[in-house]
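A quick write-up on the structure given underneath.
The values are calculated or read from the model by the stated rules, or taken from the named source; none is laboratory data. All values reported here derive from a predicted model rather than from experimental measurement. No Cβ is skipped: glycine too gets one built from the backbone with ideal geometry, and neighbour counts run over all protein chains shown. What goes into the accessible areas is simple: the full protein's heavy atoms, side chains included, and nothing from ligands, DNA or RNA. Shrake-Rupley method; radii C 1.70, N 1.55, O 1.52, S 1.80 Å.
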Amino acid sequence: MKKFIQFTIVALLLAACNYENSYIADPLAPVDDQMGLTADPSTIVLAALTGDDIAVTFSWGEAAPRGDSVIYHFRLGVEGKEDIAFVPTTEQNELIQTTRTISFTHRQLNILMESWGIEPSSESQLKAEVSAEMVADVQLMPEVSATLVQATGFITGKNINGIPLQKIDDNTWRVDLTLTKDQLLTIGVMDETSDWWVNPDFFKRLDGATLQFLPIAGRYRIVADYANKYFNAWVMDGNDKATLKEDGSGAIWVYGEGICKPLLKRNNVNDIDGRVGWDPWNAVCLAPIGNGRYQLTGTLGERLFNDGTNMGLKFTAMPDSWDGDIRRPEFTEDCYAKYTGSSAYVHPYIKVDGGDNIHPNAVEYMGQGSTIRFILDASGGPKNIVLDAFGVDANGNEIPLSSDIGVSINSTPMTQSGFSTYKVELNLTQNEMLNIAGIDMSELMTWWIDPDFIDLSQDYPTFKAASTKYRVTANLSAKYFKIEQMSGNNLATMATNGTGALWLIGSGVGKPFVFPKWYAEEALCLAQTGTRVYRISFKAGEPLKTGEGIILKSGETMNTDAINFRVHFQRGWGDSFNATTGTTNRITVTANDWVEAKTGEDCNIQLKAGATFTPGKTYAFTFTMQSSNRRGTLVVTEEN
């Protein structure tokens with residue numbers, strides 16, 4: 001029995017003139033096609049991302065008037081397979097009755113093609129047919145009109161460029177592809193991935209569904225992580241992870257402390273998860289960029305690198321093994337891979353230690369939010385690897401070492417102080433106009449500027465803090481200025497008479513973004529606004545519970561429901577407010593609705609039980625120091 005079901009729609013058709021059935025000489029003779037069935041378009045490439053858009057519309061004219069009324073029969077199937085046909089819906093029947101048209105969306109037609117056994121992504125020839133059955137006193141041969149359509153379906157499962165992804169576990173999928181540099185990758189049936197992070201060494205996102213592949217041609221595995229919302233990749237050699245070859249081709253990997261795969265997961269304000277750790281089985285693959293060169297790019301405080309305070313990276317020529325570590329040049333025993341002539345030994349910001357681990361020479365060279373790029377050149381083979389590192393600006397451009405960016409403040413030029421940071425030390429006067437040369441005002445407005453120190457509400461930046469000497473640091477990666485009070489050639493400290501500077505260290509707050517843990521090297525300098533008066537303000541933001549853990553929107557610098565900080569008398573660990581009673585280092589918190597000093601926890605400032613900050617509001621913490629024994633009073637106010 002044939003498996004197709006024809007549908008019928010009776011459309012009352014008034015003849016232009018009164019035909020008598022007896023006038024038809026041969027009622028069963030073939031009838032010329034006057035309906036002219038057409039398909040628009042006649043060639044269709046179905047797409048998942050436009051699944052609800054119309055893919056094709058079939059239309060036809062009136063049949064020749066040979067009876068009292070006409071019944072139209074429409075069928076759609078595969079050319080040459082008469083037992084396969086489309087079953088219409090009631091709504092489609094009603095539409096045909098009045099318009100003699102029927103349309104199919106990309107998704108509807110793709111589902112039909114799958115039900116007919118057509119392989120996804122293969123081209124097939126479909127046949128549409130309309131027959132006009134005449135209602136008359138005698139049986140009449142129906143008028144028939146047909147047309148062909150070339151249609152290519154899409155994969156309804158997760159796929160890249162039409163190649164299905166294979167499931168690794170409930171949250172992770174993968175696909176192995178042979179790719180070329182700059183090849184476009186279409187993410188199929190995964191439109192929810194349009195805001196996912198992609199590894200910037202491997203991909204550039206062109207739009208929500210299209211990635212551009214950046215490394216050189218080769219075989220790669222692409223991994224889609226639904227739990228943490230990212231795309232990553234690594235180099236393959238057949239069905240295995242690639243290793244570094246004798247000619248410098250293949251792959252280089254990295255593992256260690258201070259690298260994540262590929263992001264931090266901030267489970268709470270004091271906990272960071274997602275580290276690769278000292279485990280080569282978790283190693284991250286560098287992107288091969290050509291001529292035996294490999295690239296690793298990451299941002300401190302997020303994504304590939306967690307922070308610069310305890311970074312220790314180890315590069316290896318062999319993943320999933322302890323035998324491929326790249327060693328120092330002076331290593332005397334036989335090993336597979338070595339540095340040679342490495343710029344790490346003359347590099348101003350990084351060094352290779354006795355365990356062949358890469359460290360910053362000093363934490364201040366790193367800078368939270370700084371983007372750093374490591375380049376390993378293995379064109380001379382595994383035992384002649386050259387290591388180098390650069391900062392990367394907000395536009396993705398490498399920052400050459402000792403480069404002059406042409407930026408000055410009040411005519412004093414800024415000089416490079418780290419991978420992507422530049423600084424200047426100068427005297428500033430309260431309420432003076434700042435002349436920031438080298439960055440036009442429109443560009444400056446895209447930077448994060450600390451409102452406690454600089455007022456941008458006018459046509460020019462105005463300095464708000466007390467008149468004294470300051471260090472101003474510009475971070476070209478994250479586009480922000482950090483301002484710190486100085487005393488002579490050193491950062492200022494708090495004197496016993498209440499003059500000098502206060503510094504905040506903690507979590508749940510931060511500038512220009514919230515710090516997930518206590519970074520002593522990133523202590524925040526409070527702005528001195530008057531004699532013995534010091535202020536720091538934060539804009540509260542509702543944490544976004546995503547695959548990245550706790551994050552805040554741009555410009556929000558304090559969690560609404562969890563903060564924990566202490567105010568110190570120098571930048572870094574040492575003396576701080578540590579008592580609520582007594583005569584020395586005492587902090588008094590005035591009555592407020594939000595915070596208190598935890599006496600059992602060295603007077604850390606924390607939220608009161610049940611208290612929260614209002615998202616979008618700014619809260620000012622103002623400390624007024626007494627003239628002896630470093631005693632202070634904290635006032636907390638909601639400003640807007």
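Side notes on the structure shown:
- Computed E for Ser103/Leu206 - FRET, C-beta separation, R0 30 angstrom, nearest 0.05: 0.50
- Accessible surface, per residue, of the stretch 592-640 when the full set of protein chains is kept, probe 1.4 Å, Å²: 45
- The chain: radius of gyration over Cα atoms, expressed as a fraction of 2.2 N^0.38 Å: 1.36
- Taking a ≥ b ≥ c as the square roots of the eigenvalues of the alpha carbon gyration tensor, the stretch 87-126 is prolate, as a/c is not under 1.5 and a/b beats b/c.
- Estimated from the Cβ-Cβ distance and a Förster radius of 41 angstrom, the FRET efficiency linking Lys469 and Asn395 is about 0.80.
- The alpha-carbon atoms of the stretch 146-198 define a convex hull whose volume equals 145 cubic angstrom per residue.
- Counting all C-alpha pairs of the stretch 199-238, share separated by more than 17 Å (%): 32
- Potential lengthening between Gln125 and Glu639 on full extension [0.36 nm per residue; Cα-Cα distance subtracted]: 178.3 nm
- Under 12 Å, Cβ to Cβ, from Asp240 - net charge with Lys/Arg +1 and Asp/Glu -1: 0
- Using Cβ point charges alone (K and R +1, D and E -1), the dipole size of the stretch 100-202 about the Cα centre works out to roughly 120 debye.
- Positive-end residue, the stretch 384-542 charge dipole about Cα centroid, Cβ charges, pick of Ser477, Ile399, Pro461: Pro461
- Modelled FRET efficiency - R0 41 Å, Asp404 with Asp169, Cβ distances, 0.05 increments: 0.20
- Pairs from Lys167/Lys517; Lys383/Lys482; Lys204/Lys245; Lys204/Lys241; Lys469/Lys608; Lys167/Lys539 whose Cα-Cα separation, in the structure shown, is over 31 Å: Lys167/Lys517; Lys383/Lys482; Lys469/Lys608; Lys167/Lys539
- Label positions at Asn489 and Thr57, each projected 7 Å from the Cα along the C-beta direction, are separated by 8.0 nm.
- Surrounding net charge for Glu398, when Lys and Arg each add one and Asp and Glu each subtract one, Cβ distance under 12 Å: -1
- Spin-label model distance (nm) - Thr43 vs Ala620, 7 Å beyond Cα toward Cβ: 6.8
- Relative to its residue count, the stretch 112-221 spans a Cα convex hull of 165 Å³ per residue.
- Its Cα gyration tensor gives the stretch 27-107 an equivalent ellipsoid, and the semi-axes of that ellipsoid, as √(5λ) in whole Å with the largest first, are 27, 15, 13.
- With both labels modelled 7 Å from their Cα along Cα-to-Cβ, the Asp602 to Leu148 distance reads 8.1 nm.
- Residue among Gly632, Leu46, Ser59 farthest towards the positive dipole end of the chain, charges placed on Cβ: Gly632
- Spherically averaged projected area in nm², based on the convex hull that wraps the Cα atoms of the stretch 573-629: 5.1
- Centre separation in Å (Cα based) which lies between the stretch 199-258 and the stretch 376-454: 29
- Taking 37 °C and 0.692 mPa s as conditions, the stretch 316-421 diffuses translationally at an estimated 214 µm²/s according to Stokes-Einstein applied to its Kirkwood radius (Cα pairs).
- Measuring nothing but how far apart in sequence close Cα pairs (under 8 Å, 6+ apart) lie, relative to its length, the chain scores a relative contact order of 7 percent.
- Compactness relative to 2.2 N^0.38 Å, alpha carbon Rg of the stretch 393-539: 1.03
- Proximal aspartates and glutamates to Lys423, defined as alpha-carbon separation beneath 17 angstrom and excluding residues fewer than eight positions away on the same chain: Glu364, Asp393, Asp404, Asp450, Glu484, Glu521, Glu522
- Taking Cα atoms only, the orientation of helix 106-115 departs from the longest principal axis of the chain by about 70 degrees.
- Neighbour cut-off at most 15 other Cβ (10 Å), DSSP loop, GluC sites (Glu not before Pro), the stretch 350-432: Glu432
- Within the full protein context, the accessible area of Met141 is estimated at about 70 Å² for a probe radius of 1.4 Å.
- In a fully extended conformation the segment linking Lys81 and Thr584 would gain 171.8 nm over its present Cα-Cα distance, using 0.36 nm per residue.
- Assigned charges on the beta-carbon of Lys, Arg, Asp, Glu; the chain dipole about Cα centre (debye): 2820
- Full extension of the segment from Met445 to Asp323, taken as 0.36 nm per residue of separation minus the current Cα-Cα distance, would add 38.9 nm.
- The Cα atoms of the stretch 39-174 cover 67, 28, 24 Å along the three principal axes, with the biggest extent listed first.
- Carbon/sulfur fraction of accessible area - the chain, other protein chains in place, 1.4 Å, %: 47
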